Structure formats: C-alpha cells, structure tokens
Amino acid sequence: MFFRRKQKPLPPDALPAHIGIIMDGNGRWAEKRSLPRQVGHRYGARTFRKITKYCEKIGIKCLTVYAFSTENWKRPQSEVDSLMALLKEYLEESLSDFKSENIKTRFIGDISPLSPEIRELIKKAEELTKDKTGLCLNIALNYGGREELTRVARSIAKEVAEGRLSPEDIGEELLQKYLYTAGQPDPDLIIRPSGEYRTSNFLLWQSAYSEYVFTDVLWPDFKPADLDKALREYAKRNRRFGGVK
Ligand code: IPE
Ligand code: IPE
Ligand code: MG
C-alpha cells in the first residue's frame, strides 16, 4: 500500500506576508454542471470564506482577493445583480461573525457606484474590524489597477494645482501613499485559478515584483491543499528584485 507522507508545514519565514488571489472560474464551474452561473458564484463565496479562515490560521498577514473588477459591469445585469446580492449576504454575515474572528476587513476599489445599503454595510464592516490584529483582508470591489492609478494621478495633480506639492516632490514613495493599499506591503504571491494566465487589471503597481502561481483548479473547487501547494511553489522561488542572488 502506498501512503502519501504528510508534508511538513513551511517555516513562517518562508510564507508570503501578502497573498493576492484572483478568484476566477465560478462561471465555468457552474456551466460544467449545467447550473446557472450564479450558483458558481455562491460556491465561490464559500471557498472565499474557507480560504480566508485558512490564511488567518496559518499566520498570513495580508490577503487581497479580487471580487469584482471595473470591467465586470459588462456582464448581464442579472449576473451583476446576483453578485451584489451575494456581497450583501456576505457583509451581513460577517457583521455577525466579526466578534469571533480576528480579521481586519478593508475594501479597495471605487465603491461609489454601489448601492447606499451596500456602502453602509461596507463602512460598518471596516469600522467594526479596524482594531483587529490578525489577518488584514482587502476585498477588491469595483477595483481596477488602471482606475486606481488614474485616481492617483488626479489626486496628485490637484495637490500640485492647489500649491501643496511641486512636481519635484512626485516620486515612487509619494505615489504609493495615494494607492488604495497605502501602508501595506506589496503582494509577494498572486494566485490565479481557472487556467487563465493574465492579471485582468489586478494590482498593477503593487505586483511589479510579485511571484505568480497559476492553477487550472476552478475557484469553487480551490481547497486549503491548493493554497498549500501554491505556498510550496512560492517557497522555491528565487526572488532577485533586479539584483543578483
Ligand atoms: C470570477 O468567476 C468571479 C467574478 C469575476 C465576479 P467568473 O465569473 O469570471 O468565472 P468564469 O471565468 O466565467 O468561469
Ligand atoms: C478577473 O476575472 C476579475 C475577478 C476575478 C473579480 P475575469 O473573469 O473578470 O477576467 P477575464 O475577463 O477572464 O480577464
Ligand atoms: Mg472569469
């Protein structure tokens, strides 16, 4: 009989401080089962909860999940509506769960086009979890890397026009202060399930030196074991940041 030996956990210093996940493949997961796409989103939301808890358990400091892009409005209205309904459900649930969890939740992206009800729930979730000391969870919602950088450019231009900054003050460090992720480390590892090999406008600035792991697993099927596999792959990478090592 052949037994697979249990893998030893990675030492904490081999873990990425910040993981980004492009939660992709919900629609195909449902279509494969002849189910409506929104069922795939519902299972994807379950995976999201499971993986968030797992990241918290193994001591990941920061997790950014891509939940809805600035381009996802192109989808049929019924799909957008069901995604918003799921988001509302998640927010209501997490507001009741927040006491038992040590997760600090933040939203990145332009939430202004979302319904007032959802914006209010987002505000509450951020407010209630702001002093949590465990996992820092960023949920990218109506997020687009290009939108983020365009917004940064507009904010800085305004500061210059109003005389608070001069063009010479503009450098990488200053620019970073205007990002949605200001003050957080850049993602060390970005995982994209579903067999697509692109970034789809996710964390354009922040991913300059991220390690990517792509997998064919569809997001609703993604398990803690798949995360472990990505972490082991990451631990083998030799990150040089342009230097020699
Ligand atoms: C990701 O799954 C969820 C969102 C983009 C909101 P998809 O809905 O993109 O699933 P596929 O890529 O069609 O399978
Ligand atoms: C990226 O997935 C956005 C999210 C997972 C939220 P998409 O399914 O929207 O990306 P494309 O269209 O395949 O590039
Ligand atoms: Mg997709």
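For THR150, the conditions (1) loosely packed, with under 12 Cβ neighbours inside 10 Å; (2) within 16 Å of ligand 2 (Cβ to nearest atom); (3) not charged (D, E, K, R) are fulfilled apart from (2). Annotation note: of THR181, THR215, the sole residue that is within 16 Å of ligand 2 (Cβ to nearest atom), surrounded by 14 or more Cβ atoms within 10 Å (Cβ to Cβ) and of a type outside the set (A, V, I, L, M, F, W, C) is THR215.
Of all residues in segment 199-226, those that are farther than 15 Å from VAL65 by Cβ have Cβ atoms under 6 Å from Cβ atoms of residues that are of a type in the set (Lys, Arg) and within 12 Å of ligand 1 (Cβ to nearest atom), 6 or more apart or on another chain, in PHE214/ARG192; LEU218/ARG28.
Could you tell me which residue of segment 14-45 is farthest from ligand 2 (Cβ to nearest atom), considering only residues that are within 22 Å of TYR209 (Cβ to Cβ) and out of contact with any helix residue (DSSP H, G or I) (no Cβ under 9 Å at 6 or more places or on another chain)? Top of the filtered list is ALA17.
The residues on offer are LYS158, LYS236, and the sole one that is charged (D, E, K, R) and surrounded by 11 or more Cβ atoms within 10 Å (Cβ to Cβ) is LYS158.
Annotation: of all residues in segment 17-28 being within 14 Å of ligand 3 (Cβ to nearest atom) and buried (at least 23 other Cβ atoms within 10 Å of the Cβ), the one that is nearest to ALA85 (Cα to Cα) is ASN26. A Cβ distance below 7 Å, combined with a sequence gap of six or more or placement on separate chains, defines the contacts here; from segment 161-185, residues that are part of a loop (DSSP other than H, G, I, E, B) reach residues that are of a type in the set (Asp, Glu) and surrounded by 10 or more Cβ atoms within 10 Å (Cβ to Cβ) in the pairs LEU165/GLU159; LEU179/GLU148; TYR180/GLU148. Would you confirm whether or not segment 66-87 contains a residue that is outside any strand (DSSP E or B), away from ligand 2 (no atom under 16 Å from the Cβ), surrounded by 14 or more Cβ atoms within 10 Å (Cβ to Cβ) and of a type in the set (D, E, K, R)? No; the residues of segment 66-87 include none that is outside any strand (DSSP E or B), away from ligand 2 (no atom under 16 Å from the Cβ), surrounded by 14 or more Cβ atoms within 10 Å (Cβ to Cβ) and of a type in the set (D, E, K, R).
For segment 176-205, a residue qualifies if it is farther than 27 Å from GLY27 by Cα and of a type in the set (S, T, N, Q), and the qualifying residues are GLN176, THR181, GLN184.
Going residue by residue through segment 150-171, is there one that turns out to be within 16 Å of the chain's Cα centre (by Cα) and either basic (Lys, Arg) or more than 17 Å from TRP205 (Cα to Cα) (or both)? No.
Is it the case that segment 132-147 has a residue that's touching a residue at least 60 places away in the same chain (Cβ under 8 Å), closer than 27 Å to TRP29 by Cβ, hydrophobic (A, V, I, L, M, F, W, C) and out of contact with any helix residue (DSSP H, G or I) (no Cβ under 8 Å at 6 or more places or on another chain)? Yes, some residue in segment 132-147 is touching a residue at least 60 places away in the same chain (Cβ under 8 Å), closer than 27 Å to TRP29 by Cβ, hydrophobic (A, V, I, L, M, F, W, C) and out of contact with any helix residue (DSSP H, G or I) (no Cβ under 8 Å at 6 or more places or on another chain). Looking only at segment 42-65, residues that are within 16 Å of ligand 3 (Cβ to nearest atom), out of contact with any Leu (no Cβ under 6 Å at 6 or more places or on another chain) and in a helix (DSSP H, G or I) come to 5 in all.
Every number in this text was worked out from the coordinates using simple rules, so none of it is lab data. Keep in mind that what you see is a predicted model, and the values were worked out from it rather than measured. As a convention, Cβ positions derive from the backbone with ideal geometry for all residues, glycine included, and neighbour counts pool all protein chains shown.
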